[in-house]
Structure formats: C-alpha cells, structure tokens
Ligand code: FAD
Ligand code: NAP
C-alpha cells in the first residue's frame, strides 16, 4: 500500500493508532524481520503488531511520539519507547509498574519540585508533550526576611538582577568615557541606589508574572507551596498559611536549586546579607566587605565598586577556584587597579553591630590563614558569598529512597539525570559534579522531558559549556583551564597562543591599555584542536558564545587562522593569534 498523504487519510490513521493504544494493555509496533522487535516481544510476552502499510504507521508514530524506529512500545497508554528504553524500563522496574497499571492511579504524570530555570523548562516541555504536570515552587525567606516570586534564582536573585546592576556600573564608566568623546554635561554625576533597585525589581516582577502566564497557557498546574516526599510516589505540599495538601505522581523531577551558605560565625545571620538580599536591598549598602572570591563575590564586589562604593573583598585562598588562574588573576588585577581592595588570605571570625541603621555600622574581626594575625575593620554592609548549599536536606529524600552525597548535599545521577530511584530525576544546581548555570539547567530539563515523553534519546552535554564571569572586565571561557590541560595532556603536548589587546573603544578615553587578553590552548596530539578558550575584555558573554559553538564543532587552530576577522572588534584577536606562551614573545598590541 502506498504511504498515506492526504489529511483525511492521516487523521484516520492517527485515530486507528490511538484506538489500538487505548484498547490494548500492550502494543508493540514492529516489523516481522526486526530482531529488536522479537527481543521486546519476548520480554513482554506479547505478540507484535506488524501493519502492512508500515511506512505510514512509522511516519504517524514519529509525529505522535517523536520516534520513527521500531519496535515502538506502548503499555497501558504510556509510550515506553524502543528496544533500549523497554529493556531499561525492565531493568529499573518501571516496566512492571506500567504493566500493573500503576501509572493510572496517580494524580499527575509528572510532579516537578522547584520552579526555577530547570524546573520551569522541564514542566513546560512535559505539558507540551501532553502530560499532566504539576510544578511546586516555594521560597523560604532569608534570615533578613527577603523573599521573591516565581522563576528561581536566576530571575530573582541571580543572573538577571546581577547583569542589570553590572550594566548600571558599566554605564558609569561609559559616562566618564563620554566626556573624552566630546559629550559635555555639567552636573556632578551620582548614582541613586533606590531608583536602580526599583527599576530592576519592577522588571523582575514582570518576568515573575510572565512565568505564571506561560505555565497557565501550557496547562501546567503551578502551586506555590513547599514540597517534601512522604512516600516514593507521594509528596506533601505546605503553603505559606501552613495548609497541607497531598499529591501523587508517576514520575518526579527534583529542581530545588541552592541557597547561599552562611559562615557559622557569631553575627553572620544577624548582621550580614547574601546575594539573596542584595538585589532588593531597600537602601544603598555603603562601604561594603565582600567575603568570598568566586563568581558571586567578584561580580557583586565589582558592580558595587562600579557604583562608586568603597569595596573590600576578603579572599580565603585564590580567586575563582576551578578557573584558569592566569585569567582569574588578570580579572582581579583589573579590579584592584579600579579601586577594589583585596584582603588576601584572611577569613572572618566574628561580626558585631556598632550601630543599627540603613545601612548601619558593623565591625568585622578576621584572622590570617597563614599566621596568628587578627585584623579588624568597619563596614556598613557585609556581603557573604562563600558558596551555596543544595536544597536537598528538607525534602524527604530519605522517604523516597533517593541517595544524596552526605558531604555536600548534591544528588548523583546517571547520564540521563536519573537518581538511584528509577522514577525520580534531578536537574540543575543540585546535581553532583555539574555546572551551576541557568542554560545548563534549562537544557537538562527540556531534554529530560523529551526523553521521558517523546521517545527522544538526546542527552544533555555537560562538556565544553561556555560561561562568563561578569567582573568589571568580563572573563569568558570555554573548555579547559591551562592548569587542567597540562594535567590531562602534559605540558609538552599543548600549545598556548595568546595576546594582549586594547579595544578601540578604550583608546580615545585612554584607559586600560593592553589589559584585555585572549588565549587559546591547543592539543598538539589532536591536530592542534582548541581545548581551552579564554577571553578577558568587553562583552565577554557575546564573544564567548560563538567560540563555544565553534568548540562544539571541534575547531582547530588552523581553522581559527583561516577565519577572517571582523574589524575593528575584540573577538578578532582569536583569528590572528601568533605568539605562543612557550616562546615568551611580546604580546602587547601596538595598533590595528
Ligand atoms: P533555581 O533557579 O535555584 O530554582 C529552584 C527553585 O526551587 C527555587 O525557586 C526554590 O525556592 C524552589 N524550591 C526549593 N525547594 C523547594 C521545595 N521543597 N518546594 C518547592 N520549591 C522549592 N547562571 C548563569 O548562567 N549566568 C549568570 O550570570 C548567573 N549569575 C548568577 C548570579 C548569582 C548571584 C547567583 C546566585 C547565581 C547565578 N547563576 C548564573 C546561577 C543560576 O542562577 C543557577 O544555575 C540556576 O538558577 C539554577 O537553576 P535551578 O533550576 O537548578 O534552581
Ligand atoms: P563558589 O564557586 O562555590 O565559591 C565559593 C567561594 O567562597 C570561594 O572563593 C571560596 O574560597 C570561598 N569560601 C568558601 N568558604 C569560605 C569561608 N568559610 N571563608 C571565606 N571564604 C570562603 O560559590 P559562588 O560564587 O557562590 O557560586 C556558586 C555557583 O553559582 C557557581 O559555581 C556558578 O556556577 C554560579 N554562578 C554563575 C555566575 C555566572 O554565570 N556569571 C555568577 C554567579 C554564580 P576557596 O577557593 O578558598 O574555597
């Protein structure tokens, strides 16, 4: 029979297939000669359905399930997938549950705990694929009482307000540059914290509202309540008035994210703030001590200094642990040159209030990590940015049998984001050993839903994830740090090409001459493939994104050399890198 092409024929075929799925406990669409189909039928002890007009059936099944290959297995109206997925389901016990009809007795096909970057992406995608989905999101107030709306860390207390405040700081620099370009303005330039905070928070409010609307449009049931497991398939949801409601689901996705860690020293929770409080702080923080030296500390310290505040950063050991240290130190030096003070090799031991107020006055006592020296300092605000703890300890994971790494509260998963309990998955910041970045959580959530409900096999690729630290001079990277490349391949087997550069926009104002820097690390054993990309300069996110794509395509040094640059830009430096680090050659840039 020829393939069905007209619309009536197609819709008849669709309802024929749907009827088969609805009226049989097990349906295996197959081809009589396919060994995988025979394997599956043997496992299910069920005969195969081999339609005569197989191509039309396969085309329609592709439309309905995202899977064209056979066998294509349905049990109790649930799409299981092909041979591998069926065997996996047999192994993890979910096949038996489906055969027992256990999926039918649940309130939801999927409950997602946490409505942040990962949870929202996953729940929306599952609902688009026709599943009955609930997402629960609840923000436990900070010790200072700060709370926020739907959308998780990124939107409310992370990427979005951070980047907007970084932009505010950069506008300050742009205004200074503007005078050199001939702009004349008489009045003294000053910044108003309240105006910025209100504008940023109004924008966040519009995003919170947008997320609610998107969930409603896609028929995801959003509940503003705190979720915890009480059984493997059952959760308790407690809303802000303390009302408890119980829900069950066939599958769960954990996407509860992280919250800032405190120091556990006297005065930390009483007098200090974290990034969870900073972006909605009702008053200008004034003279600020930032404790910590990673993404959050350097970004927040950087924009506060850019607003004209007196900022000190207390560093326990090194800047940006895990990042290329040459780059991290260059980013730090630039901050130091622009007025940020660094107290290196100190940790705080006590914070006392000298005077209450908005802001008040605090006394911080710290001790050296190398000697017995004790130092004291006075600040208006102390911002703690010493890392984040996974929100996994109070969600009843023991009741569900989910294994957690007891040292850091992170959840180990396999390469399909599945925990040790087959029907419970986890994504985003709570995963062990994965990147803590918004696009990573979103990608993992979306692909997980497609694998669960559309027969897709595509997994989240956690390798070569591009990222940017929004320090005053931004730092973008993708792939390996120089230290890690040496560790993995040996010094002799890598070649580092590098250059300083002076962005054209900096020349007329005469600032930061040859402070920007580009570097690639190439693997000599593999065709000089670029295994590390590092950029310190303006618009690092925009520059790094494209090179991230190139690295995904396994770009080599030769291909970069044959790429024609866009002039005059900063990114073009990567098309003309000639000096190797090992040569010790001059890398300053004289002109274009
Ligand atoms: P989250 O977005 O944290 O969402 C988890 C949600 O679950 C939260 O709303 C939480 O309240 C809720 N929840 C927790 N427990 C429960 C429960 N039991 N019941 C119901 N709800 C619960 N990433 C970038 O890519 N770029 C950046 O520029 C960037 N900047 C950042 C700046 C700062 C200051 C911070 C702190 C982070 C930044 N990040 C950035 C990281 C990014 O925000 C996270 O990687 C991302 O939000 C993780 O998403 P998630 O879904 O795992 O968790
Ligand atoms: P982090 O990367 O875990 O770094 C914690 C920092 O605090 C380190 O510098 C650490 O120093 C220091 N520290 C820890 N305990 C301390 C103590 N007791 N006293 C003093 N210092 C202490 O944490 P983070 O900056 O909060 O970032 C969390 C995650 O959020 C990041 O991994 C990142 O993925 C994500 N994020 C991304 C962006 C972005 O994409 N631009 C921005 C912000 C956050 P040591 O090195 O000595 O341990």
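Each reported figure results from applying straightforward, stated rules to the coordinates on display, with no laboratory input. Keep in mind that this is a model prediction, so the values were computed, not measured. A quick note on method: Cβ atoms are made from the backbone with ideal geometry, for glycine too, and the neighbour counts reach across all protein chains shown.
Where Rh is the Kirkwood radius over the Cα pairs of segment 47-99, the temperature 25 °C and the viscosity 0.890 mPa s, what D in µm²/s does Stokes-Einstein return?
Estimated via Stokes-Einstein, D reaches 210 µm²/s.
Note down the nm distance, to one decimal, between modelled labels 7 Å out along Cα→Cβ at residue 192 and at residue 325.
Label-label distance for residue 192 and residue 325, simple model: 4.7 nm.
Over all directions, how big on average is the projection of the convex hull of the alpha-carbon atoms in segment 483-552, in square nanometres?
5.3
Is it possible to state the helix-based mean residue ellipticity at 222 nm for the chain, with each DSSP H run of 4+ residues giving -39500 (n - 2.57), the sum divided by total residues, to the nearest 500 deg cm²/dmol? What is it?
Value at 222 nm, helices only, nearest 500: -10500 deg cm²/dmol.
Please report the spacing between the Cα centers of segment 333-391 and segment 460-518 in Å, no decimals.
A separation of 29 Å, based on Cα centres.
What is the pair-distance distribution P(r) of the chain, computed from all Cα-Cα distances in 20 Å bins starting at 0, with each bin given as a whole percent?
In whole percents, the pair-distance histogram is 18, 44, 31, 8, 0.
Bin all alpha-carbon pair distances of segment 270-396 at 10 Å intervals from 0 and give each bin's fraction as a whole percent.
All Cα pairs, binned at 10 Å, distribute as 12, 43, 33, 10, 1 percent.
Label-point separation (nm) for residue 43 and residue 107, each offset 7 Å from Cα along Cα-to-Cβ?
3.2
If all Cα-Cα distances of segment 366-502 are sorted into 10 Å bins from 0 onward, what percent lands in each bin, rounded to whole numbers?
P(r) over segment 366-502, rounded to whole percents: 9, 25, 27, 25, 12, 2, 0.
Taking the DSSP beta bridges in the chain as the whole, what percent of them are antiparallel, to the nearest 5?
65
Could you give the angle, 0 to 90 degrees to the nearest 10, between helix 540-552's Cα long axis and the longest principal axis of the Cα atoms of the chain?
That works out to roughly 40 degrees.
R0 = 35 Å: FRET efficiency of residue 310 with residue 492, Cβ-based, nearest 0.05?
That gives a FRET efficiency of 0.15.
Please order 369, 69 by the number of other Cβ within 10 Å, starting at the fewest.
Final ranking by Cβ density, sparse to dense: 369, 69.
Label segment 453-592 by shape, choosing from rounded, prolate and oblate, from the square roots a ≥ b ≥ c of the eigenvalues of the Cα gyration tensor; if a/c is under 1.5 it is rounded, and otherwise prolate applies when a/b is larger than b/c, oblate when it is not.
oblate
At 0.36 nm per residue, and after removing the present C-alpha to C-alpha distance, how many nm does the segment from residue 12 to residue 416 gain when stretched out fully?
141.9 nm
Indicate the gyration tensor shape class of segment 427-528 (rounded, prolate or oblate), computed on the Cα atoms with a ≥ b ≥ c the square roots of the eigenvalues: a/c under 1.5 is rounded; otherwise a/b larger than b/c is prolate and the rest oblate.
Cα axes put segment 427-528 in the oblate bin.
Measure nothing fancy, just the Cα-based angle from helix 325-337's long axis to the longest principal axis of the chain, in degrees from 0 to 90, nearest 10.
Around 40 degrees separate the two axes.
By how many nm would the segment from residue 241 to residue 398 lengthen if fully extended, with 0.36 nm per residue of separation less the alpha-carbon distance?
54.0 nm
Per q in 0.18, 0.22 1/Å, what log10 I(q)/I(0) does a Debye calculation on the alpha-carbon atoms of segment 229-296 return?
Calculated log10 I(q)/I(0) at the listed q: -0.87, -1.01.
Go through 326-339, 149-162 and give me the packing order, highest mean Cβ count within 10 Å leading.
Result, highest mean Cβ count within 10 Å first: 149-162, 326-339.
So if R0 is 60 Å, what FRET efficiency would residue 231 and residue 588 give, r being the distance between their Cβ atoms, rounded to the nearest 0.05?
0.35
Taking the Cβ of each residue in 288, 358, 142 as the centre, tally the other Cβ atoms inside 10 Å and list the residues starting with the fewest.
Going from least to most buried by this count: 358, 142, 288.
Report the gain in length on full extension from residue 53 to residue 177: 0.36 nm times residue separation, minus Cα-Cα distance, nm rounded to one decimal.
The span from residue 53 to residue 177 would gain 37.6 nm if fully extended.
How would 362, 431 line up from fewest to most surrounding beta-carbon atoms within 10 angstrom?
In order of increasing Cβ crowding within 10 Å: 362, 431.
Nearest 10 degrees is fine. How inclined is helix 159-180 to the longest principal axis of the chain, computing both from alpha carbons?
40
Compute the relative contact order of the chain as a whole-number percentage, counting only Cα pairs closer than 8 Å that sit 6 or more residues apart in sequence.
Reported relative contact order: 12 percent.
Using a Förster radius of 41 Å, what is the FRET efficiency between residue 88 and residue 352 based on their Cβ-Cβ separation? Nearest 0.05, please.
Rounded to the nearest 0.05, the efficiency is 0.10.
Could you work out the mean projected area of the convex hull around the alpha carbons of segment 165-269, in square nanometres to one decimal?
13.2
Ranked from highest to lowest mean number of other Cβ atoms within 10 Å per residue, what is the order of the peptides 247-254, 554-561, 180-187, 441-448?
441-448, 247-254, 554-561, 180-187
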